[in-house]
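Colleague: The structure follows.
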Amino acid sequence: MRASLTSVAVVVSILVCALAAAPVASSIRFEDLAAKSGLVFASNSSPTPNKNQPETMVAGAALFDYDNDGYLDVYFVNGAAIPSLRKEGPQYWNRLFHNNHDGTFTDVTEKAGVAGEGYGMGVAIGDYDNDGWPDIFVANVTKNQLFHNNHDGTFTDVTGKAGVAGGMLDGKKMWSVSAGWVDYNNDGHLDLFVSNYCKWDVNKDPVCGPHPGMRAYCHPKNYAALPNTLYRNNGDGTFTDVSAETGIDKAYGKGMGVVFADYDHDGFTDVFVANDNAANQLFHNLKGKKFEEVALQAGVAYPESGSFISGMGADFKDVDNDGFDDIWHTAIEGESFPLFKNRAGSGDFSEATNPSGLGHATRQMSGWSNGIADFDNDGWKDLFVARGNVLDNISEMSLRKYEEPNTIFRNLGKGKFQDVSADAGADFQIASAHRGIAYGDLDNDGRIDAVVTVLNGKVKYLHNVTQSGNHWILFKLTGVKSNRMGLGAQIAITAEDGAKQYNHATTSSGYACSSDPRVHFGLGTSKVVKEIEIKWPSGIRQTLHNVPADQILVIAEQAGETTLPVK
């Protein structure tokens, strides 16, 4: 089936939406459509007086087109009952919502068979068997789960057959938080990386609190660190744990967000893990054979202070349009959210948190998930952070601080940022205990939306209503020699005005989340993309010229020049 794709190099969708020709000065704005759209979901972490650590951390979300109808659907991960750590009722189910193409969603969880079993944390979307239908991996405190897409709106739990139930340490399954699909060895099959958090047992947390006899959620220093897990795809529906073979299990941490990019342009995708009160990890890919943990020498293990901070969510994208991917991750109040700028071609990074304007701006914020995307389509990627404090407290004042509003930082160019949250709309100002953010274009209008989960609260669907008049383009990649989703493909574009931009295909983002697999570019005033250059994971290079803006373009992998059909 994959081979037949070579005869059809490019399929072009019709123009989805044309925006106004002339851009106007406009703020990034959102409107919460969750209730109106039927995207009704409330997470349940089963909070207890014992203050079990997972209770503060629920949970991730995913945007993906599970039925291949051209519109993104939404999947939410949920907690479970304590102490059983099982989904003892529907209030604990993970939930799948089908996009009805008219601004509404329908809960199809039962029909799809994806409610899950254990205590959930994160989700990763990838087509692991290259059949053209995206599959779901759920990272859990308990056994992880892999759901295979059956092509008919249903899924089958294939965890046991696939061999991805979770890494073991000292005879116990490790607590997994985030995961991501990556073809680390460029063999055309997606492999699976899982971040693991800390050693923990239900109702056995240390007694932590401001006063004797008063329990509170404990600082991560009270728990032992874990290594991460890497599974190699065998190409037959099964996976092999290669954590030891590749060197991944040599580095211990308290893994939260995991993201991917080829930061040194050697043709192999690298891995960054944000760690909670432990040194961050940057796993440099040694030609698909082994990984070397290089965070310290690359300058991303710690911020400039040299101290551990609470690494939570992360994203790995080019924020200054220089062609090299930068790292931005969240933390808690008093720490700032570090921005590490890639020192183009040098193999290392320099911290740009203060020069970028993010240092002072984020110092009093607590952030969980985050995302790097162009929310106003001006050609510069902006920063979104889902905010909420880590610990709850008893007093009303503390509760207000525990619940925080989200924040959007507009990219002013060359990696300088400004907090524009105050102008982002009334819905955006509402404080909550936010956790995950998955971002993508849910209504195919070219503007990037955000779905944000709330700890023990109702989800927010922040529909992007920015009226900039700027143009855009979205690429849906179809690998032929590369993995079917094209994850890891690097795209460089030159707009009509000569401006260059760079992005890459990935679903892993933020904290425990999976975002739109399509690759988005804002184009500003440009109505045409003069040149598109794609470097596929297989090494194939493909170019297109003079592509009209404001459309979703489906591109199948092919070497050389691709000519679009005349419309």
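The values are calculated or read from the model by the stated rules, or taken from the named source; none is laboratory data. Just so it is clear, the structure is predicted and the values come from calculations on it, not from any experiment. All Cβ positions, glycine included, derive from the backbone under ideal geometry; neighbour counts span all protein chains shown. To get the accessible areas, we keep the full protein, side chains included, count just its heavy atoms, and leave off ligands, DNA and RNA. Shrake-Rupley method; radii C 1.70, N 1.55, O 1.52, S 1.80 Å.
Colleague: Can you give me the number of residues within segment 445-471 that are assigned to a loop (DSSP other than H, G, I, E, B) and hydrophobic (A, V, I, L, M, F, W, C)?
Modeller: So the first thing to find is which residues in segment 445-471 are assigned to a loop (DSSP other than H, G, I, E, B), and the list is 445-448, 455-456, 465-470.
Checking which are hydrophobic (A, V, I, L, M, F, W, C) leaves us with 448, 455, 465.
Counting residues in segment 445-471 that are assigned to a loop (DSSP other than H, G, I, E, B) and hydrophobic (A, V, I, L, M, F, W, C) gives 3.
Colleague: Follow-up question, since we're still on this one. Give THR104, THR109 a once-over and let me know the one that is without any contact (Cβ under 8 Å) to a residue 24 or more places away in the chain and farther than 18 Å from PRO54 by Cα. Write out each step before concluding.
Modeller: Details: THR104 fails: without any contact (Cβ under 8 Å) to a residue 24 or more places away in the chain.
The unique qualifying residue is THR109.
Colleague: Could you give every pair whose Cβ atoms fall below 7 Å, whose first residue belongs to segment 215-235 and is over 22 Å from LYS250 (Cβ atoms) and at pLDDT below 95, and whose second residue is among the β-branched types (Val, Ile, Thr) and exposed (fewer than 14 other Cβ atoms within 10 Å of the Cβ), counting only separations of at least 6 or pairs across chains?
Modeller: Listed pairs, sorted by first residue: ARG215/VAL207.
Colleague: Look through segment 412-428, keep the residues that are modelled with pLDDT under 95 and open to solvent by less than 70 Å² (accessible area, probe 1.4 Å), and return whichever of them is farthest from PHE340 (Cα to Cα).
Modeller: Looking at residues that are modelled with pLDDT under 95 and open to solvent by less than 70 Å² (accessible area, probe 1.4 Å), I get GLY413.
Colleague: A further question follows. Among the listed residues SER468, SER432, identify the single one that is at pLDDT 95 or above, in contact with an Asp or Glu (Cβ under 8 Å, 6 or more places away or on another chain), open to solvent by less than 40 Å² (accessible area, probe 1.4 Å) and of a type in the set (Gly, Ala, Ser).
Modeller: Details: SER468 fails: at pLDDT 95 or above.
SER432 is the lone residue from the list that is at pLDDT 95 or above, in contact with an Asp or Glu (Cβ under 8 Å, 6 or more places away or on another chain), open to solvent by less than 40 Å² (accessible area, probe 1.4 Å) and of a type in the set (Gly, Ala, Ser).
Colleague: So, PHE324, is that one of a type in the set (A, V, I, L, M, F, W, C) and either farther than 18 Å from ASP264 by Cα or crowded, with 23+ Cβ neighbours inside 10 Å (or both) or not? Spell out how you get there, then give the answer.
Modeller: On the way: of a type in the set (A, V, I, L, M, F, W, C): yes; either farther than 18 Å from ASP264 by Cα or crowded, with 23+ Cβ neighbours inside 10 Å (or both): no.
Against the criterion (of a type in the set (A, V, I, L, M, F, W, C) and either farther than 18 Å from ASP264 by Cα or crowded, with 23+ Cβ neighbours inside 10 Å (or both)), PHE324 does not qualify.
Colleague: Next question. If you go through segment 302-321 one residue at a time, how many are open to solvent by less than 10 Å² (accessible area, probe 1.4 Å) and either touching a Lys or Arg at 6+ places or on another chain (Cβ under 8 Å) or outside any strand (DSSP E or B) (or both)?
Modeller: Initial filter on segment 302-321 (open to solvent by less than 10 Å² (accessible area, probe 1.4 Å)): 310-316, 318-319.
Checking which are either touching a Lys or Arg at 6+ places or on another chain (Cβ under 8 Å) or outside any strand (DSSP E or B) (or both) leaves us with 311-313, 318-319.
Here the count works out to 5.
Colleague: Being crowded, with 19+ Cβ neighbours inside 10 Å, among the aromatic types (Phe, Trp, Tyr), at pLDDT 95 or above and more than 23 Å from VAL519 (Cα to Cα): is that true of PHE272 here?
Modeller: Working: crowded, with 19+ Cβ neighbours inside 10 Å: yes; among the aromatic types (Phe, Trp, Tyr): yes; at pLDDT 95 or above: yes; more than 23 Å from VAL519 (Cα to Cα): no.
Taking the combined requirement at face value, the residue does not satisfy it.
Colleague: Right, here's the next one. Just give me the residues in segment 156-204 being in a loop (DSSP other than H, G, I, E, B), out of contact with any helix residue (DSSP H, G or I) (no Cβ under 9 Å at 6 or more places or on another chain) and of a type in the set (A, V, I, L, M, F, W, C), in sequence order.
Modeller: VAL158, VAL164, MET174, LEU190
Colleague: Output yes when any residue across segment 36-51 is open to solvent by less than 70 Å² (accessible area, probe 1.4 Å), outside any loop (DSSP other than H, G, I, E, B) and at pLDDT 50 or above, and no when none is. Working first, answer last.
Modeller: So the first thing to find is which residues in segment 36-51 are open to solvent by less than 70 Å² (accessible area, probe 1.4 Å), and the list is 37-39, 41-46, 48, 50-51.
This time we only want the ones that are outside any loop (DSSP other than H, G, I, E, B), so: 37, 42.
Filter once more, so that each one left must be at pLDDT 50 or above: 37, 42.
So far as segment 36-51 goes, yes, one or more of its residues are open to solvent by less than 70 Å² (accessible area, probe 1.4 Å), outside any loop (DSSP other than H, G, I, E, B) and at pLDDT 50 or above.
Colleague: Next question, about the same structure. Say we look at segment 128-154 and pick out the residues that are open to solvent by less than 30 Å² (accessible area, probe 1.4 Å) and touching a Leu at 6+ places or on another chain (Cβ under 6 Å); which of these is nearest to TYR92 (Cα to Cα)? Lay out the reasoning, then the answer.
Modeller: Initially, segment 128-154 is screened for residues open to solvent by less than 30 Å² (accessible area, probe 1.4 Å), giving 128, 130-132, 134-141, 144-147, 149, 153.
Filter again for touching a Leu at 6+ places or on another chain (Cβ under 6 Å), leaving 128, 137.
On the way: TYR128: 27, PHE137: 17 Å.
It comes out as PHE137.
Colleague: Do we have any residue at all in segment 383-393 that's without any contact (Cβ under 8 Å) to a residue 40 or more places away in the chain, aliphatic (A, V, I, L, M) and over 27 Å from ALA295 (Cα atoms)? Explain how you work it out, then say what you get.
Modeller: Our first condition is that a residue be without any contact (Cβ under 8 Å) to a residue 40 or more places away in the chain; within segment 383-393, this holds for none.
Looking through segment 383-393, none of the residues is without any contact (Cβ under 8 Å) to a residue 40 or more places away in the chain, aliphatic (A, V, I, L, M) and over 27 Å from ALA295 (Cα atoms).
Colleague: Which one of these is hydroxyl-bearing (Ser, Thr, Tyr) and either under 23 Å from ALA386 (Cβ atoms) or touching a Cys at 6+ places or on another chain (Cβ under 9 Å) (or both): SER515, SER538, SER526? Before the answer, list the steps.
Modeller: Numbers: SER538 fails: either under 23 Å from ALA386 (Cβ atoms) or touching a Cys at 6+ places or on another chain (Cβ under 9 Å) (or both); SER526 fails: either under 23 Å from ALA386 (Cβ atoms) or touching a Cys at 6+ places or on another chain (Cβ under 9 Å) (or both).
Going through SER515, SER538, SER526 in turn, the sole match is SER515.
Colleague: Among the listed residues LEU474, LEU442, LEU383, which satisfies the condition of being in a loop (DSSP other than H, G, I, E, B) and either hydrophobic (A, V, I, L, M, F, W, C) or at pLDDT below 95 (or both)?
Modeller: Values: LEU474 fails: in a loop (DSSP other than H, G, I, E, B); LEU383 fails: in a loop (DSSP other than H, G, I, E, B).
Result: LEU442 is the single residue among LEU474, LEU442, LEU383 that is in a loop (DSSP other than H, G, I, E, B) and either hydrophobic (A, V, I, L, M, F, W, C) or at pLDDT below 95 (or both).
Colleague: Tell me, which residue of segment 194-222 that is more than 29 Å from the chain's Cα centre (by Cα) and of a type in the set (A, V, I, L, M) is nearest to GLY126 (Cα to Cα)?
Modeller: That would be ALA216.
Colleague: Does ILE125 satisfy being out of contact with any helix residue (DSSP H, G or I) (no Cβ under 7 Å at 6 or more places or on another chain), part of a strand (DSSP E or B) and β-branched (Val, Ile, Thr)?
Modeller: On the way: out of contact with any helix residue (DSSP H, G or I) (no Cβ under 7 Å at 6 or more places or on another chain): yes; part of a strand (DSSP E or B): yes; β-branched (Val, Ile, Thr): yes.
Yes.
Colleague: Continuing with this model, one more query. It is to be established whether one or more residues within segment 253-263 are open to solvent by less than 30 Å² (accessible area, probe 1.4 Å), basic (Lys, Arg) and in contact (Cβ under 8 Å) with a residue 40 or more places away in the chain.
Modeller: Within segment 253-263, the subset open to solvent by less than 30 Å² (accessible area, probe 1.4 Å) is 253-263.
Keeping just the survivors that are basic (Lys, Arg) gives 254.
Filter again for in contact (Cβ under 8 Å) with a residue 40 or more places away in the chain, leaving 254.
Yes; the residues of segment 253-263 include at least one that is open to solvent by less than 30 Å² (accessible area, probe 1.4 Å), basic (Lys, Arg) and in contact (Cβ under 8 Å) with a residue 40 or more places away in the chain.
Colleague: Those residues that are farther than 29 Å from HIS434 by Cβ and over 21 Å from the mean Cα position of the chain (by Cα), I need them from segment 131-156; list them, please.
Modeller: Result: ASP131, ASN150, HIS151, ASP152, GLY153, THR154, THR156.
Colleague: Check segment 135-148 and report whether any residue there is part of a loop (DSSP other than H, G, I, E, B), out of contact with any Gly (no Cβ under 7 Å at 6 or more places or on another chain) and either under 23 Å from LEU63 (Cα atoms) or not aliphatic (A, V, I, L, M) (or both).
Modeller: Here is the first cut: in segment 135-148, the ones part of a loop (DSSP other than H, G, I, E, B) are 141-144.
Subsequent filtering for residues that are out of contact with any Gly (no Cβ under 7 Å at 6 or more places or on another chain) retains none.
No, segment 135-148 contains no residue that is part of a loop (DSSP other than H, G, I, E, B), out of contact with any Gly (no Cβ under 7 Å at 6 or more places or on another chain) and either under 23 Å from LEU63 (Cα atoms) or not aliphatic (A, V, I, L, M) (or both).
Colleague: Against the definition (open to solvent by less than 10 Å² (accessible area, probe 1.4 Å), modelled with pLDDT of 95 or more and not in a helix (DSSP H, G or I)), how does LEU63 come out, yes or no?
Modeller: On the way: open to solvent by less than 10 Å² (accessible area, probe 1.4 Å): yes; modelled with pLDDT of 95 or more: yes; not in a helix (DSSP H, G or I): yes.
Yes; evaluated as a whole, the condition is true for this residue.
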